[in-house]
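Read through the structure below, which is laid out as structure tokens, and then see the notes.
The values are calculated or read from the model by the stated rules, or taken from the named source; none is laboratory data. No experiment lies behind these values; they were computed from the predicted model shown. Here the Cβ positions follow ideal geometry from the backbone for every residue, glycine too, while neighbour counts run over all protein chains shown. Please note that ligands, DNA and RNA were not included when accessible areas were found on the heavy atoms of the full protein model with its side chains. Shrake-Rupley method; radii C 1.70, N 1.55, O 1.52, S 1.80 Å.
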Amino acid sequence: MFSHNRTDFGPDFVFGVAMAAHQIEGGQTDGRGSSIWDTFAATPGNVKNADTGKIACDHYNRWAEDLDLIRDGGFDAYRFSFAWPRLIPEGTGALNPAGFDFYDRLIDGMLERGIKPFATLYHWDLPSALQDRGGWMNRDTTKAFADYAAHVSRHFGDRLESIATFNEPWCVTVLSHFLGIHAPGYRDVRATARAMHHVLLAHGLGITAMRDEGIKDKLGIVVNMEKAEPFSQSPQDIEAAALGDDIFNRFFLDGAVKGTYPERVTKILEPYLPANWQDDMKAMSPSLDWIGINYYTRSLYKHDDRVPVFPFTQSRGDLEKSNVGWEVYPQALTEFLVRASRDYPGLPIYVTENGMSETDESKRIAFFDKHFGAIRDAQAQGADVRGHIAWTLIDNFEWAEGYEPKFGIVGMDPATRDRVPKESYRAFQKMLTKDRK
């Protein structure tokens, strides 16, 4: 069990769990449009075992029992995402009433159970119709996103505890347009630079649209951070790690909060960014109410002149690893929380994802416990950390890795899709319910 108690973190600290629409919902009926992950997963070779999210965890039909698990686990919040193509099937234009009805049921179900709805507008499932017109490479998508944000705010905003525009812009852009690992599967630096800029512009326009709809005190963005360390102490490897840190850990928060990009990155991407990109920096950085940090692991960076654009390679070190090869490195979470508190002063911080793919429950429990300690260390250094949200409630469709990773604190029978709470769920339940007043 955990060595920490709920009360260690402060009286208003939020504990929650996170899941994302495409990874769990299924329910590709009732007017839901196609998304880029539907077609990416339907293409041979893109996803392990040819797995898809067509049914996923069947959360579309089993949402009530999932909310019961969240409530019974003692969690305060459920961080979920809206599926854009479920609400607006073509990305723009006609709305889908059945989609709005589904999220009405889900949100009302949370509130009835005393669960705070932490919403995300975009967790990677762009409507296919927008991808047909260039997706995040096309500036018009930023306006479509702002309109979508306004619709969500207008219909659901008064019932939501918080709204994040994007989850993990690095994955939306670099992983998906440069490395080609996630949908839409591009490997093109021009596509990458334009997507990086347009996603941040969409974020800013989305925040402004939601403010215009009267949404106050609940808007933010969620970024993923990964510790970047040099492979060796050579000057070249140290510089490679600094570039990796700027791309992964600074570019998106600096853009969203400060309206600036790290110079190391723009020196490289300048030829590929949209014309007059500097003119957008104010629009992409309206004031925020909080920021979210997703944290899992670290990478070692080695300089390599043979690699174009970003001249480095990445590897893992020799620390304890999860069953997907990610190192356990909790001290970096402390570093990121303290750094974010210093670099973006006045913004409360939530750890919006943190978890481990593992079949050994003792390792998963130890992982969370170590990261709880890292949060406490950051709080002791003055970081305003308001919550921890575990990834994830139920083993689900983990994108290009299919159903092989096991991040859930609840398992799922692959034949029946019945939920099976694990020891880590019981550890959370014990910690979160015994201290509840």
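Figures for the structure shown
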item	result
Test: residue in the range 148-162 that is outside any helix (DSSP H, G or I), open to solvent by 30 Å² or more (accessible area, probe 1.4 Å) and touching a strand residue (DSSP E or B) at 6+ places or on another chain (Cβ under 8 Å)	yes
The range 166-214, residues that are touching a strand residue (DSSP E or B) at 6+ places or on another chain (Cβ under 7 Å), over 22 Å from Q278 (Cα atoms) and either surrounded by fewer than 17 Cβ atoms within 10 Å (Cβ to Cβ) or of a type in the set (A, V, I, L, M) (or both)	M210
Selected residue (criterion: most open to solvent (accessible area, probe 1.4 Å)) from residues of the range 344-363 that are of a type outside the set (S, T, N, Q) and farther than 19 Å from F166 by Cβ	P345
Among residues of the range 366-416, those that are part of a loop (DSSP other than H, G, I, E, B) and either of a type in the set (D, E) or out of contact with any Cys (no Cβ under 6 Å at 6 or more places or on another chain) (or both), counted	21
R79 vs. criteria of a type in the set (K, R), modelled with pLDDT of 95 or more, crowded, with 19+ Cβ neighbours inside 10 Å and touching a strand residue (DSSP E or B) at 6+ places or on another chain (Cβ under 7 Å)	yes
Sole residue being in contact with a Phe, Trp or Tyr (Cβ under 6 Å, 6 or more places away or on another chain) and not aliphatic (A, V, I, L, M), chosen from R426, R386, R376	R386
Hits in the range 60-96 - residues which are farther than 30 Å from D140 by Cβ and either of a type in the set (D, E) or without any contact (Cβ under 8 Å) to a residue 12 or more places away in the chain (or both)	E65, D66, D68, D72, D76
Selection from the range 318-331 of residues that are surrounded by fewer than 20 Cβ atoms within 10 Å (Cβ to Cβ) and in contact (Cβ under 8 Å) with a residue 60 or more places away in the chain	N323, V324
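This table checks each residue for (1) open to solvent by 40 Å² or more (accessible area, probe 1.4 Å); (2) within 19 Å of the chain's Cα centre (by Cα).
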{"position": "I247", "(1), (2)": "no, yes"}
{"position": "R264", "(1), (2)": "yes, no"}
{"position": "K267", "(1), (2)": "yes, no"}
{"position": "P274", "(1), (2)": "no, no"}
{"position": "D279", "(1), (2)": "yes, no"}
{"position": "L288", "(1), (2)": "no, yes"}
{"position": "T297", "(1), (2)": "no, yes"}
